[in-house]
1. Please go through the range 60-85 and give me each residue that is under 24 Å from residue 28 (Cβ atoms) and basic (Lys, Arg), ordered by number.
2. Of 52, 41, 14, which residue is at pLDDT 90 or above and closer than 14 Å to residue 110 by Cβ?
3. Is it the case that the range 59-79 has a residue that's in contact with a Phe, Trp or Tyr (Cβ under 8 Å, 6 or more places away or on another chain), assigned to a loop (DSSP other than H, G, I, E, B) and more than 16 Å from residue 107 (Cβ to Cβ)?
4. For residues in the range 66-96 being surrounded by 14 or more Cβ atoms within 10 Å (Cβ to Cβ) and over 21 Å from residue 3 (Cα atoms), which is modelled with the lowest pLDDT?
5. If residue 26 meets every condition in (1) part of a helix (DSSP H, G or I); (2) surrounded by fewer than 18 Cβ atoms within 10 Å (Cβ to Cβ); (3) among the polar types (S, T, N, Q) apart from one, which number is that one?
6. Among the residues of the range 97-118 satisfying the criterion of being within 17 Å of residue 9 (Cβ to Cβ) and in a loop (DSSP other than H, G, I, E, B), which is modelled with the lowest pLDDT?
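The values are calculated or read from the model by the stated rules, or taken from the named source; none is laboratory data. Since we're looking at a predicted model, the values are computed, not measured. As a convention, Cβ positions derive from the backbone with ideal geometry for all residues, glycine included, and neighbour counts pool all protein chains shown.
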Amino acid sequence: MRLDVLVTDQDIALARLYCRFIKERSFSAKAASNGLSCLDLVCRHNPQLLILDRELPRRDGDGVLACLRADGKSMPVILTTWNTPPNCLESPVVACLRKFFPLQDLLEAVELALNTRVRVLPTSFVTPRPD
C-alpha cells in the first residue's frame, strides 16, 4: 500500500513539483493551493502526511492547523515557511522547513514523519519537536 501525502502550497506549480518528487519515491501525492482546498482534501482522502505552507490564501497554515486540531485529525504535518514562527513545532507539526529548501531535505522530512527511515535531520530543519 502506498502512503498518501497531501502537499499544500500557495504556489501550485511548487506544490506540483513537490508532488512529482514525492511520487518518484513511491508515495502517492495530491496538491492543493489554498487552505480550504487543503481541508477538503484532508476530509475526502485522509492522507497519512500533510506538507503545509504557512502562507496560504483562503485560510492560512495556522488556520488549517487549528481546524485539524479541532477535528481531531492526527496526521503528522511538515510546515514550510519563509519565517519560522516560535511555535512551529507544536503538535501535529513534526518538522518545519524554511523555504527554499533542497528537495532531498523534503524527502528526509517525509520519511522521518512517516517512520519509513531513521536518519539524522538535515541542516535546513528547525529543531525537531521532542517525543
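1. 73
2. Selected residue: 52, the only one of 52, 41, 14 that is at pLDDT 90 or above and closer than 14 Å to residue 110 by Cβ.
3. Scanning the range 59-79, I find no residue that is in contact with a Phe, Trp or Tyr (Cβ under 8 Å, 6 or more places away or on another chain), assigned to a loop (DSSP other than H, G, I, E, B) and more than 16 Å from residue 107 (Cβ to Cβ), so the answer is no.
4. Ranking the qualifying residues of the range 66-96, first place goes to 85.
5. Failing condition for residue 26: (1).
6. Selected residue: 100.
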